[in-house]
């Protein structure tokens, strides 16, 4: 798996800040929050918008703060404590017990598969295995994203945290940004359901690589 972009960390942070509203908008839509781009922009800028629930608006503001925290702490060590910290910000006003592992069984819509209860030691070890693997950064970032999606460590927001943490690794290494466009949501969910059930991530990983990596070519 080759790099699609080779930016410096500084360039990748610039890209993320420049398109941050777009990534928040796509992330919200992926979670079923049918917010428009102009309204996402307005909420991001602290303006009042009508037609959305308080929860939807809070979810967008939480995404904004989680992204800002991530970009401000891009060089911080990536471990379970960092993942929990970002999740706490991501779910401050919208997710029950944000930042703490779930202790109850959850069901996933569209599949009969039931994820096992998270175990701290196992999660720490899985995370370490991915981060220490000898694969290239883009492959590692996608593995990390997919692991966090399926592990379902938290009560909610698992796709959001997965993509944020995957993007920490992407940005740190100048590899671009993982984000799912609206036109790809249906295909993404179809592949995600299959990945949940089989544990085989190869098709979804290839799909994300082919369709969901955003970046810029900087001429040095």
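Shape of the chain from its Cα gyration tensor (a ≥ b ≥ c, root eigenvalues): rounded if a/c is under 1.5, otherwise prolate when a/b > b/c, or oblate?
Rounded, since a/c falls under 1.5.
If I model a spin label as a point 7 Å beyond the Cα along the Cα-Cβ vector, how far apart are those points for residue 6 and residue 19 in nm?
2.0
Whole Å is fine, so just give me how far the alpha carbon centre of region 5-24 lies from that of region 35-68.
That distance is 20 Å.
Viscosity 1.306 mPa s, temperature 10 °C: give me the Stokes-Einstein translational D for region 1-49 in µm²/s, with Rh taken as the Kirkwood radius over C-alpha pairs.
The diffusion coefficient I find is 129 µm²/s.
Note down, for region 94-137, the three equivalent ellipsoid semi-axes (square root of 5 times each alpha carbon gyration tensor eigenvalue), biggest first, whole angstrom.
25, 15, 11
Quick one: plug the Kirkwood hydrodynamic radius of region 116-220 (C-alpha pairs) into Stokes-Einstein at 20 °C, 1.002 mPa s, and report D in µm²/s.
Once the numbers are plugged in, D ends up at 150 µm²/s.
Would you calculate a helix-derived [θ] at 222 nm for the chain, using -39,500 (n - 2.57) for each DSSP H run of n ≥ 4 and dividing by the full residue count, to the nearest 500?
-18000 deg cm²/dmol
What spacing in nm lies between the two simple spin-label points modelled at residue 114 and residue 37, each 7 Å away from Cα in the Cβ direction?
4.3
Using R₀ = 22 Å, calculate the FRET efficiency as 1/(1 + (r/R₀)^6) where r is the Cβ-Cβ separation of residue 135 and residue 198; round to 0.05.
The calculated FRET efficiency here is 0.55.
Using a basic spin-label model with each label point 7 Å from the Cα along Cα→Cβ, how many nm lie between residue 45 and residue 103?
4.4
A short reminder: the numbers here are calculations on the coordinates, not readings from a lab. Only a predicted model underlies this, so the values are computations on that prediction, with no experimental measurement involved. Positions of Cβ are backbone-derived with ideal geometry, glycine not excepted, and every protein chain shown enters the neighbour counts.
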